[in-house]
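Have a look at the structure below before the remarks.
The values are calculated or read from the model by the stated rules, or taken from the named source; none is laboratory data. Remember, it's a predicted structure, so these values are computed and weren't measured experimentally. Virtual Cβ from ideal backbone geometry, glycine too; neighbours counted across all protein chains shown.
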Amino acid sequence: MELRGQAGAGRVSQMPEPTGACEPASGRALPWHVVLAVLAAVSVALVAVSYVTLVLMTHRFFQVGGGGHAYLNVGVEANVPTWWSVTMLTVGATLMLLLAWLLHGERRGGAWVCVAIGVLLLGFSLDELASLHEHLHRVGGLLVSAQTLPYVWLAVGVPLALGIVVVVVLLARRIPRAVRPLLLAGLATFFAGAVGMELVGSQLVATAGEHSTAVVAAYHLEEGLEMVGAALMAVAPLRALRVDRSTPGTVLIVAAR
C-alpha cells in the first residue's frame, strides 16, 4: 500500500487552492468498527479471565503469589494485560502520527495537533509499562495523608488528568472531525478508570480493606475501563483514513472531514 498525501479526490497539487478548500475525499473507509469490536472483546475477555481465576478458582496457581495470578491478574504489573494495554496505546500513537504525516502531505491543518496527541498516547503507553504515575506518591504524600487518601498519588493525578482532558478537548477542534468522537470518548473512559475508579478503590481500601471483594471488583472495573478507553483511542485515527484505488496502486488518504 502506498501512503501518499492527497487533497480531496485528486493528488497533491503543486499549488494549493488559495482558499484551502478541499473536495470530499474518495475511497473506501477502513473497517474501524470491526477493529474496535475485536480490541474491546479481547480487553473484556482479559478482565473476565483475571476476575474469574482469582475469585472463583481456588487452586493456588491462580491465587495471590501463584504463577497464574502473576501472568493474568489485571492488578499486577508487567504481565499479559499490561502488554495488551501498552500495545493498544502504542498502536493508537502510531496511527495518530501516520494521520499527522498524511495531513502534512496534503497541506492541511491539524498535523501538529495529531503529533502532540500521538506523543501523549506514547506517554500513556510508557506509563502503563513502567507505572510512572506510582512515583507521584512522593509529591502526593506532601499534600494529603494516607489516612485521608490511601492512594496519595491521586492528589497530583486528579488535577493532572483534568488538565490533560481540557488541553486535548481544546486541541481536538483542529483535527479531522471523524477522529474526535472516539478520541474524546476514549480519553474520558480511560481516565474514568485510571483516576475515577482509582478514587473509588482508594476509599474502599480505607473502609473495607485492601483484599476485600469490593476492592477486587473495583480494580477490575478500573482496568477494564482503561483498556476500553485505550481501544477507542487506538481506533480513532482509522475513522479519518480512506483507501483509494482509483488509480494504479493503493493510496491511503484522509477524509475531507
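Among residues of the range 45-54 being out of contact with any Asp or Glu (no Cβ under 7 Å at 6 or more places or on another chain) and surrounded by 14 or more Cβ atoms within 10 Å (Cβ to Cβ), the one that is nearest to residue 225 (Cα to Cα) is 46.
Just give me the residues in the range 112-132 being assigned to a helix (DSSP H, G or I), more than 20 Å from residue 231 (Cβ to Cβ) and at pLDDT below 95, in sequence order.
Step one: filter the range 112-132 for residues assigned to a helix (DSSP H, G or I), giving 112-130, 132.
Okay, now just the ones that are also more than 20 Å from residue 231 (Cβ to Cβ), so 112-113, 115-116, 130, 132.
Within the range 112-132, 130, 132 qualify.
Let's see how each residue does on (1) farther than 18 Å from residue 88 by Cβ; (2) free of Cβ contacts under 8 Å to residues at least 12 places away in the same chain; (3) under 16 Å from the mean Cα position of the chain (by Cα):
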site: 142; (1), (2), (3): yes, yes, no
site: 149; (1), (2), (3): yes, no, no
site: 173; (1), (2), (3): yes, yes, no
site: 194; (1), (2), (3): no, no, yes
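Restricting 140, 157 to those that are modelled with pLDDT under 95, within 19 Å of residue 192 (Cβ to Cβ) and assigned to a helix (DSSP H, G or I) reduces the list to 157. Taken over the range 63-93, the criterion of being in contact with a Pro (Cβ under 9 Å, 6 or more places away or on another chain) and polar (S, T, N, Q) is satisfied by 73 alone. If I filter the range 30-41 for residues that are in a loop (DSSP other than H, G, I, E, B) and surrounded by fewer than 16 Cβ atoms within 10 Å (Cβ to Cβ), do I get at least one hit? Looking through the range 30-41, at least one residue is in a loop (DSSP other than H, G, I, E, B) and surrounded by fewer than 16 Cβ atoms within 10 Å (Cβ to Cβ).
Taking every residue in the range 116-134 that is crowded, with 17+ Cβ neighbours inside 10 Å and pairing it with any residue that is not in a helix (DSSP H, G or I), at least 6 positions away or on another chain, the pairs with Cβ-Cβ distances below 7 Å are 133/153.
Given the options 157, 109, 66, name the one that is among the small types (Gly, Ala, Ser) and within 18 Å of the chain's Cα centre (by Cα). Outline the logic, then answer.
Details: 109 fails: within 18 Å of the chain's Cα centre (by Cα); 66 fails: within 18 Å of the chain's Cα centre (by Cα).
Selected residue: 157, the only one of 157, 109, 66 that is among the small types (Gly, Ala, Ser) and within 18 Å of the chain's Cα centre (by Cα).
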